[in-house]
Structures are given as C-alpha cells and as structure tokens.
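Reading through the structure tokens given below for one structure.
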Amino acid sequence: MNTSLNIREKRFIAVAAAIALVFGFTPVASAMHIMEGYLPVGFSVAWGVICIPFLIAGYMAIKKNLKENPKTITLLAMAGAYVFVLSSLKIPSVTGSCSHMTGTGLGAILFGPAPMSILGVIVLLFQAILLAHGGLTTLGANTFSMAIAGPFMTYGIFILCKKIKINRHVGVFLAAAIGDLFTYCITAFQLALAYPSESGGVAASVVKFLAVFAPTQVPLAIIEGILTVVIIIGLETYAQPELNDLGYLTGGVK
Amino acid sequence: MTATKKTVIGLLILVALIAIVPLFILQDAEFGGSDDAGSVAISEITGTEYEPWFTPIFETAINGEIPGEVESLFFCLQTGIGVGIIAFVMGRFVERKKQEDGKSGLKKTK
C-alpha cells in the first residue's frame with residue numbers, strides 16, 4: 001500500500017516510525033487483549049512499530065474518504081461507536097469464561113480495513129488507560145490484532161463473498177464473525193511468539209493459547225456477525241445515500 | 001419492510017439466547033475473563049508465576065486495583081458513549097428518510 005504514497009508522505013511515515021522507536025523505549029508501545037506488562041519489552045516495541053505504518057495509512061484513508069465523501073462522516077462516527085459498544089460488552093460463553101467482541105467488522109466492511117486502525121486504537125487507549133484492560137505496553141500488539149489483522153481479514157472475506165456472489169448479508173455475517181475470531185487467533189500467536197513452549201516451541205504454544213481463546217470466542221464471533229448484519233440492515237434501510245457514496249451497494253468498496 | 005423487521009427481531013433474539021444460555025447451562029462456572037485465562041496459560045508454559053513488568057498507569061496512580069464498581073462505571077461509560085452516538089446518527093437517518101419519503105410522495109420499499 002506504501003507504493004501509492006508520494007515522497008512527502010513516505011518521509012512522514014519514516015519520521016513517525018523513528019518517533020515511535022524513541023517512544024517505544026519509554027513504555028508507550030502497543031496492544032489489545034494482552035494484559036499490561038505481559039509482553040517482554042522487545043515484543044511490545046516491535047508490535048508498536050509494526051502498527052505505525054498502518055495507523056498512518058488509516059489516518060490518510062480517513063482524510064481522503066472525508067474529503068471525497070464528507071457526508072459519510074456520520075457513518076464513520078457510527079463505525080467507531082460500534083467498536084466502543086461491542087468491545088465494552090463482556091459476554092458469558094460456553095467455556096465458562098467471559099470475553100468481549102471487537103466490533104471492527106462494520107467499519108472494515110463500510111470503509112475498508114485501513115481506517116479501522118485509527119478507530120480501534122482509540123478504543124484500546126480508552127480501555128488501557130481507564131479500565132486497566134489491555135495495556136499501554138501491549139497497545140502495539142493489541143492494535144495489530146484487533147485494529148489491523150481483524151479488519152483486514154473481515155474485508156478480505158467480505159470481498160471474497162461478493163466475488164462468489166453469496167447473499168450480501170451472509171457475506172457480512174461471515175466477514176464480521178471470522179474477523180472477530182481471527183483477532184483472537186492473532187492474539188494467541190503473539191503470546192506464543194513471546195512465550196514459546198520449552199518442549200514444542202512456538203507451534204505448541206500457539207495451540208495452547210488458541211485453546212484458551214478460541215472456544216470462548218466462537219459464540220461471541222457469531223454474535224458479532226449477527227449484530228453487524230442487523231446494523232447493516234438498518235443502514236441499508238435508512239442510509240442509502242451514504243452507502244452509495246461509499247460504493248457499498250454498487251460493489252466497488254473503496 | 002415488515003419482513004425486514006421480523007428478520008431483525010429474530011436475529012436479536014438469537015443473539016440474546018447465545019449470550020444468556022451458557023449462564024443457565026454452566027451453573028457453577030466462574031465466568032472470569034478470557035484475558036485472565038491467557039495469563040494462566042503463560043504461567044503454565046513458563047513454569048513460573050509470571051510477574052508483569054508494567055502495571056496499568058491508572059492502578060499505579062491510585063496505588064491499587066481499580067475497584068470493581070468503578071471499573072463497571074468506566075465500562076458503562078464506554079458503552080454509553082457508543083450507544084449515544086449510534087442512536088443519534090440512526091435517529092437522524094430515520095427522520096431524514098421519513099421526510100424524503102413524505103416529499104416525494106412515494107413510499108420506497110426496500
């Protein structure tokens with residue numbers, strides 16, 4: 001995606017990455033559901049740095065979108081609010097523990113994956129600072145899983161479903177649900193990288209962490225999928241002009 | 001339109017069921033957070049009790065854990081902000097569509 005940036009933007013990204021590195025050493029790096037202080041410093045910094053280009057791309061995507069379609073700011077606010085709501089609802093699951101959803105699917109479907117990095121990081125900061133949930137040191141890793149990997153997965157699935165002409169609502173459901181699940185898979189992977197098992201290495205750890213997160217998350221992913229379909233139905237009914245601006249109904253999601 | 005309404009209501013009931021049923025089936029489960037389960041898994045892999053190297057700044061500032069009630073306050077705040085924005089925007093959309101439909105004199109059916 002960087003190939004389409006001009007020189008000034010590239011320089012901006014380089015500077016931002018440098019600043020991120022500096023700040024990375026005072027614990028202001030990254031993360032979502034990995035708890036504060038649970039990632040070694042090196043990993044915290046690395047994930048934070050990986051997120052920087054995505055955040056900048058997200059910022060630019062939002063700016064460009066608002067310039068071309070100023071009216072869609074209402075939908076953008078709504079996508080952000082949706083992340084706020086869904087990630088605040090802790091829901092009991094079949095495994096006997098609670099988890100919460102990500103809510104990033106709606107925005108990814110409407111706006112594409114890049115802008116979600118910004119919306120996601122806002123929510124993660126809110127939770128890290130006020131709720132001691134997630135954390136500032138793990139902000140990078142959590143941003144990557146929830147605000148970058150999840151939305152990209154969602155978007156990919158949504159486009160794929162469109163291509164093979166599945167019913168649009170089914171596509172929305174699959175995209176949001178799988179994106180939610182994928183977020184937790186990435187979290188498991190991140191933890192496994194930081195804590196490889198002595199006997200089986202990273203792979204064994206991935207399996208172990210997945211076993212912790214995945215069964216809890218499956219029902220929640222289904223709920224997220226359904227709720228996203230409900231919101232989409234509402235928007236299709238009442239917000240057709242904005243959806244047309246975004247190209248959601250016609251096909252070419254920008 | 002009514003078909004859509006039925007679909008939406010049906011879907012919402014389904015969501016409520018998926019969320020609530022585990023509470024009835026697993027009556028003696030704790031329903032702790034899966035994030036915490038993650039830290040248990042870390043201890044199991046490393047073989048030692050993991051000591052986080054950084055505590056949440058809010059907990060450092062008040063020198064202790066955030067009381068459960070206060071934590072729920074912040075979670076509610078988060079939900080409230082989100083729901084408020086969604087309701088406001090949705091309300092505007094609904095009103096706008098009503099006016100547009102009234103003006104053009106034809107009821108658009110989706």
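At-a-glance table
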{"quantity": "Percent carbon-and-sulfur accessible area, segment A:107-254, ignoring ligands, DNA and RNA, probe 1.4 Å", "calculated": "74"}
{"quantity": "Förster radius 30 Å - calculated FRET efficiency between A:Ile159 and A:Val202 (Cβ-Cβ, nearest 0.05)", "calculated": "0.50"}
{"quantity": "Over chain B: helical MRE at 222 nm, DSSP H runs n ≥ 4 each giving -39500 (n - 2.57), nearest 500", "calculated": "-24500 deg cm²/dmol"}
{"quantity": "Loss of accessible area when B meets A, both sides summed, Å² nearest 100, probe 1.4 Å", "calculated": "5600"}
{"quantity": "Kyte-Doolittle at least 1.0, axis length at least 15 Å by Cα - qualifying DSSP helices, chain A", "calculated": "A:7-25, A:41-68, A:73-86, A:114-130, A:168-194, A:201-238"}
{"quantity": "Mean accessible surface per residue for chain A, computed with a 1.4 Å probe while every protein chain stays in place, in Å²", "calculated": "37"}
{"quantity": "Mean Cα-pair separation over length for segment A:119-254, i.e. relative contact order, pairs under 8 Å, 6 or more apart, %", "calculated": "19"}
{"quantity": "Tilt relative to chain B, helix B:2-25 - C-alpha long axis, 0 to 90 degrees, to 10", "calculated": "20"}
{"quantity": "Peptide-level mean, for A:96-103, of C-beta atoms on other protein chains within 10 Å", "calculated": "5"}
{"quantity": "Exposed GluC sites (Glu not before Pro) absent: longest stretch of chain B, with sites in DSSP loops and at most 14 other Cβ within 10 Å deemed exposed", "calculated": "B:66-110"}
{"quantity": "Folded to 0 to 90 degrees: helix B:34-46 orientation relative to chain B principal axis, Cα", "calculated": "30"}
{"quantity": "Shape of segment A:97-192, Cα gyration tensor, a/c cut at 1.5", "calculated": "prolate"}
{"quantity": "FRET efficiency for A:Val94 and B:Ile13, using Cβ-Cβ distance with R0 set to 22 Å, rounded to 0.05", "calculated": "0.75"}
{"quantity": "Cα shape, segment A:30-147, gyration tensor, a/c 1.5 rule", "calculated": "oblate"}
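The values are calculated or read from the model by the stated rules, or taken from the named source; none is laboratory data. Given the structure is predicted, the values throughout are model-derived calculations rather than measurements. FYI the Cβ positions are ideal-geometry reconstructions off the backbone, even for glycines, and counts take in every protein chain you see. Areas reflect the complete protein model, heavy atoms only, side chains present, ligands, DNA and RNA absent. Shrake-Rupley method; radii C 1.70, N 1.55, O 1.52, S 1.80 Å.
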